[in-house]
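This report refers to the structure that appears directly beneath it.
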Amino acid sequence: MRKLIFIGSHLGYPMDKTPLGGGAMVGLNLARAWAAQGGLEVTALGAGALAPAAGVEYVRLGAGSGGPAPELVRFSEMEYARFCRAFEGETTRWLLDRAARFPAESTAVVVNDIAEAPDLDALSRAGYRPASLWHVDVADYFCRMYLGGVVSTPTAVGVYEGLAALGAGRVVPDVLRLVFDKQRRAVRRSARLIFPSRAMAEIVRRAYAGFFCADAAFDEKARVVPWGSWEEAKPPDAAAAAALRARYQIAERSLVLMTLSRLSPEKGVHLLLEALALSERRGDFAGQDVCLFICGAPAFMRGEAYARRVRLAARGLRQVRVFFPGYLGPDQKRAFFGLANIFISSSVHESYGLNAMEAMRAGLPVLALEHYGSRDWPQDGFARAVSPEKSGGAAQALGQGLREMTSDPRGLAALGRAAQAFAEERPFSVAAQTVANEAFLALLKVK
């Protein structure tokens, strides 16, 4: 039986109530998909208290592994850095101590994220050839969200590597070493680099390939595997949607907008609210009842402060009614998907766009700011990605896109059916099988 070690700090948490984001949801569903495969022995290393799937050997590691699961969503940057180092050390030791049980030449190792990854240098020296899943390019995220995009990711990587070459890397705060050092190690030591979108793969190539390998060597490692949509997703719940309609006093002719994400700055909910304010001033919603549901909960660094900012901005709207239902479990999602007319993703940094794909699977047309994942969507109406650069800003782009999509209210249902067909043609099980295949194919190069 083939052996696969799956390492992800976000494993073991109840995703129906914990806002850990798309990478954690992908990890959970990968574990479930692999457990259902015949001939595959899966061992998962995570920090949460629950085994991710029946049939998976689950080992709980990381800070607090002897007590309650760490509350990752409440960590500050420094707390998260300390946790990442603890998880890195424990997972590395756990695997190296069991090398006889999990031989490097026949055991596939899949790492579900980069910052919390084990010591890939140490695993490489022991002969392991891991596959790393790039849910977030943290160097690119750092440049966009903390440096305001003033410094490009390749430039920031080049500056950091120059400092490291001069020996200054040791005095850099550990948070930055987690950003830059761990991505460097992932590029150098991973036998497979698995990206959910072509644009994300390209930015990592531009930032790292020139330092650590030729483009041909990077291409040999890199694979683009879009996650697709969950097959087990049930259709929208019409009865539950009707109950929500009564609860929020929404008429059949009302325009219902929905966004779903954790509340953090990169999700750009404030930009959506700015767009709606512009639409109100232009008179786009004259005589119409418009409702916006901002679904999700604060999570990770700066989440609570951002949630307060969003709620304050929502109070400034005069015509659009804004509601905050909080974090949605699977059944609640189905109800809100059944209520909404359009799903809006205002993220300024998104590697793929799982929530948008989930909305499409439920039959909703999608409006999104252009990001790495949305560039791979067909631009034929049902999933529209708008460019801030071409429209004078993010709020203007979203407002214009919304005006165009709502110009034919009766046509929204047809757009939703097209979106659903697109998502159904991209089942997550195909992505899960591809990742497992690539992880084992990487072992064939062991000499």
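In summary, strands (runs of 3 or more DSSP E) completely within the range 23-137 and bearing 1 or more residues that are surrounded by fewer than 23 Cβ atoms within 10 Å (Cβ to Cβ) and either aliphatic (A, V, I, L, M) or under 23 Å from the mean Cα position of the chain (by Cα) (or both) occur at 40-46, 57-60. Going residue by residue through the range 292-305, is there one that turns out to be closer than 30 Å to ALA139 by Cβ, part of a helix (DSSP H, G or I) and in contact (Cβ under 8 Å) with a residue 24 or more places away in the chain? Checking the range 292-305: at least one residue is closer than 30 Å to ALA139 by Cβ, part of a helix (DSSP H, G or I) and in contact (Cβ under 8 Å) with a residue 24 or more places away in the chain.
Looking across the range 138-149, just one residue is modelled with pLDDT of 85 or more and either exposed (fewer than 13 other Cβ atoms within 10 Å of the Cβ) or touching a Phe, Trp or Tyr at 6+ places or on another chain (Cβ under 8 Å) (or both), and that is ALA139. Give the residues of the range 156-199 that are of a type outside the set (Ser, Thr, Tyr), crowded, with 16+ Cβ neighbours inside 10 Å, more than 18 Å from the chain's Cα centre (by Cα) and assigned to a loop (DSSP other than H, G, I, E, B), sorted by residue number. Passing the criteria: only ALA191. Of the candidates ALA186, ALA199, ALA191, the single residue that is modelled with pLDDT of 90 or more, within 16 Å of ALA139 (Cα to Cα) and in contact with a Lys or Arg (Cβ under 6 Å, 6 or more places away or on another chain) is ALA199.
The rows are residues; the columns are (1) touching a strand residue (DSSP E or B) at 6+ places or on another chain (Cβ under 8 Å); (2) in the same structural domain as VAL175 (by TED's automatic domain parsing); (3) of a type in the set (Ser, Thr, Tyr).
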{"position": "ARG93", "(1), (2), (3)": "no, yes, no"}
{"position": "GLU105", "(1), (2), (3)": "no, yes, no"}
{"position": "ALA115", "(1), (2), (3)": "no, yes, no"}
{"position": "LEU120", "(1), (2), (3)": "yes, yes, no"}
{"position": "SER124", "(1), (2), (3)": "no, yes, yes"}
{"position": "CYS143", "(1), (2), (3)": "no, yes, no"}
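For the range 260-269, filtering for residues that are over 8 Å from SER346 (Cβ atoms) and in a helix (DSSP H, G or I) leaves 2.
With respect to being at pLDDT 90 or above and either of a type outside the set (Lys, Arg) or touching an Asp or Glu at 6+ places or on another chain (Cβ under 7 Å) (or both), GLY392 falls outside the description. Whether a residue is at pLDDT below 95, among the small types (Gly, Ala, Ser) and assigned by TED's automatic domain parsing to the domain that holds ALA191 was assessed, and ALA233 does not pass this test. From the list GLY268, GLY326, GLY296, the lone residue that is surrounded by fewer than 16 Cβ atoms within 10 Å (Cβ to Cβ) and on the phi > 0 side of the Ramachandran plot is GLY326. Among the residues of the range 12-59, the one identified as among the basic types (Lys, Arg) and either modelled with pLDDT of 90 or more or not assigned by TED's automatic domain parsing to the domain that holds ASN112 (or both) is ARG32. Pairs are defined by a Cβ separation below 9 Å, a sequence spacing of at least 6 or placement on different chains, a first member in the range 322-351 that is outside the structural domain of ALA419 (by TED's automatic domain parsing), and a second member that is of a type outside the set (Ser, Thr, Tyr) and in a loop (DSSP other than H, G, I, E, B); no pair meets this definition. Figure legend. Inter-residue proximity from the range 249-271: first residues without any contact (Cβ under 8 Å) to a residue 40 or more places away in the chain, second residues surrounded by 20 or more Cβ atoms within 10 Å (Cβ to Cβ) and in a strand (DSSP E or B), beta-carbon distance below 8 Å, spacing 6+ or different chains. Indicated pairs: SER254/VAL290; SER254/CYS291. Checking the stated criteria, ASP376 turns out to be at pLDDT below 85 and in contact with a Lys or Arg (Cβ under 7 Å, 6 or more places away or on another chain).
The values are calculated or read from the model by the stated rules, or taken from the named source; none is laboratory data. Please read all numbers here as calculations on a predicted model, not as lab measurements. A quick note on method: Cβ atoms are made from the backbone with ideal geometry, for glycine too, and the neighbour counts reach across all protein chains shown.
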